[in-house]
1. Please indicate, with yes or no, whether at least one residue in the stretch 215-228 is part of a loop (DSSP other than H, G, I, E, B), within 10 Å of the ligand (Cβ to nearest atom) and at pLDDT 90 or above.
2. Only residues in the stretch 311-324 that are closer than 13 Å to residue 154 by Cα and in contact (Cβ under 8 Å) with a residue 40 or more places away in the chain count as the first member; pair them with residues that are assigned to a helix (DSSP H, G or I) and within 7 Å of the ligand (Cβ to nearest atom), Cβ under 7 angstrom, at least 6 apart or cross-chain, and list the lot.
3. Please go through the stretch 354-375 and give me each residue that is free of Cβ contacts under 8 Å to residues at least 60 places away in the same chain and either in a helix (DSSP H, G or I) or surrounded by 21 or more Cβ atoms within 10 Å (Cβ to Cβ) (or both), ordered by number.
4. Does residue 70 fit the bill of being in contact (Cβ under 8 Å) with a residue 12 or more places away in the chain, outside any helix (DSSP H, G or I) and buried (at least 24 other Cβ atoms within 10 Å of the Cβ)?
5. Going by what's in this entry, would residue 200 be described as in a helix (DSSP H, G or I) and either free of Cβ contacts under 8 Å to residues at least 60 places away in the same chain or in contact with a helix residue (DSSP H, G or I) (Cβ under 8 Å, 6 or more places away or on another chain) (or both)?
6. Please verify whether residue 280 is surrounded by fewer than 24 Cβ atoms within 10 Å (Cβ to Cβ) and within 16 Å of the ligand (Cβ to nearest atom), treating the condition exactly as stated.
7. Which condition number does residue 335 fail, the rest of (1) closer than 28 Å to residue 117 by Cα; (2) at pLDDT 90 or above; (3) surrounded by fewer than 24 Cβ atoms within 10 Å (Cβ to Cβ) being met?
8. Give 24, 45 a once-over and let me know the one that is more than 15 Å from the ligand (Cβ to nearest atom), at pLDDT 90 or above, out of contact with any strand residue (DSSP E or B) (no Cβ under 8 Å at 6 or more places or on another chain) and more than 17 Å from residue 267 (Cβ to Cβ).
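The values are calculated or read from the model by the stated rules, or taken from the named source; none is laboratory data. This structure is a prediction, so every number in the text was calculated from the model and none was measured. When we count neighbours, we look across all protein chains shown, and the Cβ atoms used for this are built from the backbone with ideal geometry, even at glycine.
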Ligand code: PFF
């Protein structure tokens with residue numbers, strides 16, 4: 001294993017992890033789910049899941065990845081060696097599948113960001129335009145979105161070909177801080193728009209009549225999606241992390257950063273939605289309709305718009321490379337393909353599915369899978385089913401297949417890091433009982449409703 005790629009600095013790991021977590025999930029998916037699911041109620045549930053379930057799960061994925069030093073498929077094979085139950089080795093399959101499903105619609109949205117970069121470069125965002133129609137043109141047209149999706153996928157492939165150290169680490173270091181500054185700027189502008197108060201209330205004042213099992217499932221799914229849990233990205237990245245890093249601290253910092261971004265994105269978008277007299281239930285187009293509208297009313301808005309969409313694109317890219325890396329690491333280490341072949345084949349596979357996702361918003365609008373178009377189906381299938389099921393299997397494995405000693409040895413770097421026994425016991429309890437029960441219960445209730 002000594003010739004495996006690895007991150008060269010702690011800051012590098014943190015930005016790569018944060019780069020995977022922070023992405024379209026925060027800036028595109030979170031605001032529109034908040035809009036569709038009644039605002040504050042959704043946010044409260046989301047935060048609850050994040051702290052109680054997702055953070056312990058993130059630490060656990062870290063444990064599995066760094067201990068095995070292997071891709072998501074090999075990790076379970078290696079860690080279950082010498083123990084009964086060979087079937088555990090197959091868990092990785094769900095992860096590779098979720099990465100594929102997520103990338104298929106994620107790259108379409110990534111394509112929209114490329115499209116909006118080109119439009120902002122032409123200074124197309126002027127006051128008084130119909131931005132809903134503009135978005136429909138960009139997303140429903142048969143060819144336009146396909147071209148941009150392809151550009152997005154090719155760029156993702158290019159970074160992944162360069163490998164972990166030179167590709168992923170280098171460029172996320174620059175982009176994450178820039179993204180942060182941009183979102184704060186937009187949030188400030190949004191809050192100072194006339195009529196923004198209603199948006200703030202919508203975000204922070206819960207209306208419990210909106211509480212339904214669908215809201216609970218959506219919040220659970222979003223907390224997984226946003227932190228990149230349940231799909232093996234953390235396991236894969238953790239396998240490139242050196243043995244002396246503090247994985248509890250790294251996980252907590254990543255989760256904090258991701259949550260901050262999601263809340264900031266909510267504050268950037270929702271007040272503006274109300275100020276412009278739009279409805280929060282706009283759906284997947286929300287960010288693409290609202291942001292150009294904000295910029296069209298700002299002095300030097302044209303320049304800000306370019307910056308924003310460039311940064312949004314990079315946030316999307318750092319997440320999509322983490323998804324592609326899950327598939328690629330598996331193909332390199334399990335099927336023994338070269339990195340180039342693995343990247344080429346997995347990108348080709350994703351392209352086929354993403355073409356279907358993109359067309360399902362226009363030409364194939366009437367094709368429905370279990371009541372949703374293909375795009376929405378892929379989105380819900382991954383966030384509400386594949387990620388929670390993947391995460392469930394990870395915690396069951398770590399909680400019941402790995403011994404307490406193995407688990408704690410990895411977290412404490414073989415006893416070199418000191419944690420309060422209470423913290424370790426609560427963590428282990430959540431991993432063994434609370435997380436699996438909560439996930440199973442929510443999924444069952446939403447299935448049976
Ligand atoms: N967390 C990413 C986002 O919020 O955009 C999306 C994502 C990346 C989900 C990687 C799952 C994953 F494994």
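1. Looking through the stretch 215-228, at least one residue is part of a loop (DSSP other than H, G, I, E, B), within 10 Å of the ligand (Cβ to nearest atom) and at pLDDT 90 or above.
2. So the pair list comes out as 320/106.
3. Matches in the stretch 354-375: 360, 374.
4. It is true that residue 70 is in contact (Cβ under 8 Å) with a residue 12 or more places away in the chain, outside any helix (DSSP H, G or I) and buried (at least 24 other Cβ atoms within 10 Å of the Cβ).
5. Values: in a helix (DSSP H, G or I): yes; either free of Cβ contacts under 8 Å to residues at least 60 places away in the same chain or in contact with a helix residue (DSSP H, G or I) (Cβ under 8 Å, 6 or more places away or on another chain) (or both): yes.
So residue 200 fits the description; yes.
6. no
7. Residue 335 satisfies all of (1) closer than 28 Å to residue 117 by Cα; (2) at pLDDT 90 or above; (3) surrounded by fewer than 24 Cβ atoms within 10 Å (Cβ to Cβ) except (1).
8. On the way: 24 fails: more than 15 Å from the ligand (Cβ to nearest atom).
Matching residue, one of 24, 45: 45.
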